[in-house]
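Please read the structure below before turning to the comments.
The values are calculated or read from the model by the stated rules, or taken from the named source; none is laboratory data. For clarity, every value in this text was computed on a predicted model and none was experimentally measured. Every residue, glycine among them, receives a Cβ derived from its backbone with ideal geometry; neighbour counts consider all protein chains shown. Each accessible area value is taken on the protein alone, full model and side chains, heavy atoms only, with ligands, DNA and RNA left out. Shrake-Rupley method; radii C 1.70, N 1.55, O 1.52, S 1.80 Å.
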Amino acid sequence: MIDDVTHQLGAVDRTVRSGTRDGAPTRVVAISQTYDNAVDDVWDALTNPARLPRWFLPVTGDLRVGGRYHLEGNASGEILACTPPSHLAATWESAEEVTWLEVRLTEEAPGRTRLDLEHSAHVDPGRWKQFGPGAVGVGWDLALLGLATHLSGAGDLDPEEAAAWPLSEEGRKFIASSSERWGTANAANGEDEATAAESAARTTAFYTGQPL
C-alpha cells in the first residue's frame with residue numbers, strides 16, 4: 001500500500017451528476033486521477049489479465065468486444081467497446097442488477113496519464129437517499145488506491161491484507177474520508193447537505209461493518 005493514503009484521497013477528483021440511459025434517468029458517479037505513467041502502461045494495468053490481480057481482482061472470460069468477463073468475487077458483465085489505449089466500456093452486473101462502466105485514458109503530457117471512470121445506474125430513489133454515491137464511489141476509491149500503489153511501484157495487492165485493511169484504523173479513516181468526499185460531491189449536484197451527510201455516514205458504516 002502507498003504510504004500516504006491521505007495524499008491519495010486528495011489526488012482524486014469526484015463528481016456526481018444525473019443522466020439518462022434507454023430513456024430512463026440515471027445517476028452517474030465519476031472518479032478521476034492522473035498518474036506519472038505512460039498511457040500504454042496504465043492501459044495495460046487496466047486490461048491485462050496478468051496485471052489486474054496485482055492491484056484489483058483476477059479476471060476471466062472472453063475478453064473481447066461482445067464477450068463476457070468475470071471479476072473473482074465481484075461483478076460480471078459484457079464488454080461493449082474497447083479502443084486501445086484510450087477507451088473501455090462494459091456492463092457491470094452484480095446482484096442481478098445491470099449498470100454501466102466507462103473508462104477513458106488521456107495523455108496529459110509524455111509519461112503522464114489521466115484516468116476518467118464513470119459508473120452509471122438506474123438507482124431506486126430510496127436506496128440513493130440511504131447511501132448516495134458513496135455506495136459505489138468508496139469502492140472505486142479503494143480500487144484507485146490499489147492502482148496508484150501498483151503504478152507507483154510501491155507494491156502489489158495481497159488479497160488477504162486487502163480484505164482486512166478496511167477494518168483497520170487506517171482503512172476506516174480512509175473510508176470515512178472517502179464517504180465524506182462523496183457526500184460533498186452529492187451536495188454539489190443538488191442534494192440537501194444534511195441528507196448527503198447522513199447518506200455518507202451510512203456508507204461508512206456499511207463498508208466498515210458498523211451498525212447502520
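Remarks
- Candidate membrane-span-like segments in the chain, meaning DSSP H helices with Cα atoms spread over at least 15 Å of their own axis and a Kyte-Doolittle mean of 1.0 or above, are 134-152, with no membrane implied.
- Span from the the stretch 78-109 Cα centroid across to the the stretch 180-212 one, whole angstrom: 26 Å
- Among [x] 0.97; [y] 0.94; [z] 1.05, the entry that matches Rg/Rh (Cα atoms, Kirkwood Rh) as calculated here: [y]
- When +1 charges are put on Lys and Arg Cβ atoms and -1 charges on Asp and Glu Cβ atoms, the dipole computed for the chain relative to its Cα centre reaches about 400 debye.
- Along the axis of the charge dipole computed for the stretch 1-47 (Cβ charges of +1 for Lys and Arg, -1 for Asp and Glu, origin at the Cα centre), the listed residues GLN33, THR6, SER18 are led at the positive end by SER18.
- Each Lys and Arg contributes +1 and each Asp and Glu -1, all at the Cβ; summed about the Cα centre of the stretch 132-212, the dipole is approximately 100 debye.
- Heavy-atom accessible area order for ARG27, ARG51, largest first, 1.4 Å probe: ARG27, ARG51
- Taking the helices alone, the chain has a mean residue ellipticity at 222 nm of -12500 deg cm²/dmol, built from -39,500 (n - 2.57) per DSSP H run of at least 4 residues and averaged over all its residues.
- Of ALA11, ALA200, ALA24, the one that fluctuates the most in a GNM where the chain has Cα springs shorter than 10 Å: ALA24
- Largest accessible area first, the listed residues PHE56, PHE206 line up as PHE206, PHE56 when surface is computed with a 1.4 Å probe on the assembled protein chains.
- Surface accessible to a 1.4 Å probe, per residue, for the residues of the stretch 1-138, Å²: 51 Å²
- Split the accessible area of the chain by element, probe 1.4 Å, and carbon with sulfur accounts for 51%.
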